[in-house]
Amino acid sequence: MKDSTPPPKGSEHNQVQEWSEWTQAWKSDESEPSQEELQKEVIKQQRQMTRKLFMELFASILVIAYYAYTLWIEKNTSWPVIVLASGTTVFLAFWMARVFKTYQESQSSMGDSTKEHILCLKEQTQAKLRFLDFADKALLCIFVFGLIWCPWMFWTHIEGYIQHPGSAIIGFGGFFGILLGLKLFYKHKRKALHQELDSLEKTYTALFTG
Amino acid sequence: MLQYAKTIDKPMPPPKKERQDLTKERMVNRNRQQQFAEAIELYGASLRRLVRSYTKDQEEQKDLEQDIAMALWKALVHFKGDCSLRTFVFRIAHNCSISKILRKRSSRPQHTPFDETQEATTTTEANAEQQLDMKQRQQQLIHAVQSLPLKYRQVVTLALEELPHAEIAEVLGISISNVAVRLNRGKEQLRTILRKERI
């Protein structure tokens, strides 16, 4: 004989009742965040962000102004300095444009659905990685440029460098030191971005596939 | 008759649903500060409950609340009334919470006892017992919701806030049928967790 236990009487009704009890219990907590406190916090954070943004802008303008000074005010500017200054200015302009674009995108995607928001975050992280590729290539170009420029500079000013070897160490060492620092920074940043992308993909898969 | 006259003299405030609809129509024409204040006034409690479903740590809950407020403030500039204010607010809250989870993926384990601080209330004994029971049920439910997988937790919390399936789909960017499936599975898991907790 088949042993089949019938479903409990009114099980659907029970489930509806159970859900309504859960809803009631869930909504029984009606504590609200203080509106004043939140507004104060918003104003505070906004001020901090504006300050940060102005600092970045100021720093960029300062660097660009410095290069402008070396390019136009100095009379005896050599071509390597002009190349280096122009390259840095273009790179900074790209950097600033990217910072603004990413900020704008992340703000507008907050009001989108969760799926669209995660996709937007993924695209942004990929764009950051692409920019890092570009920055890496730019760094390589500067490195190659330095490999040519430093010996040439040394050769043309050999007497001065022999008399003051410290200036050669500081000048050339500083140049390659900055490049090395940037390379390490990019490496660290790339690792963090890959981790971010990985967790974004995992979250997307967990939420929207299967 | 007298009662009827009194009702006319002092009109009843519109129910919450009506207030929300009115807000949706008015929202676009209002300034950001008014929009923000209205959003917090209408959905502040819902946001707090939603935040609790994402994290047990009280400090993190406070941080997340502030992050959501900030994100809401910034995003209100882009609010064009394409969806209801409620959908918009819940979208921001979920997106913000997910971003926070992603940022703190390798964060410390959560040891803080959950919501132990309580406001003292003066009530009758029967009322107090009833409230205690409700509080206990609420705690159990929150714990159970917190242990659900994210994909079910999101749907369940929105359903507990009494959002219709279509609106949940709009918030999360999934189909209505998917909402129904997730909600059913979420409810099943919730039931199992609650049963285990009672044992």
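For the stretch B:149-184: of the residues being small (G, A, S) and outside any helix (DSSP H, G or I), which is farthest from B:S53 (Cα to Cα)?
Kept after step one, since they are small (G, A, S), are these residues of the stretch B:149-184: B:159, B:166, B:169, B:173, B:175, B:177, B:180.
From what's left, outside any helix (DSSP H, G or I): B:173, B:175.
Values: B:G173: 20, B:S175: 23 Å.
In this case the residue turns out to be B:S175.
Checking each residue in the stretch B:61-80 for being surrounded by fewer than 18 Cβ atoms within 10 Å (Cβ to Cβ), in contact (Cβ under 8 Å) with a residue 40 or more places away in the chain and part of a helix (DSSP H, G or I) picks out only B:V77. Of all residues in the stretch A:101-123, those that are free of Cβ contacts under 8 Å to residues at least 60 places away in the same chain and buried (at least 19 other Cβ atoms within 10 Å of the Cβ) total 6. State yes or no: is A:K191 within 14 Å of another protein chain (Cβ to nearest Cβ), under 30 Å from B:L102 (Cα atoms), charged (D, E, K, R) and free of Cβ contacts under 8 Å to residues at least 60 places away in the same chain? Yes. Inspect all residues belonging to the stretch B:113-133 and state whether any of them is assigned to a helix (DSSP H, G or I), over 24 Å from B:I101 (Cβ atoms), at pLDDT below 85 and at the interface with chain A (Cβ under 10 Å from one of its Cβ atoms). Yes: one or more hits.
Out of all the residues in the stretch A:130-146, is one or more closer than 30 Å to B:K151 by Cβ, free of Cβ contacts under 8 Å to residues at least 12 places away in the same chain and acidic (D, E)? The answer is no; no qualifying residue exists.
The values are calculated or read from the model by the stated rules, or taken from the named source; none is laboratory data. Being a predicted model, the structure only gives us computed values, none of them experimental. As a convention, Cβ positions derive from the backbone with ideal geometry for all residues, glycine included, and neighbour counts pool all protein chains shown.
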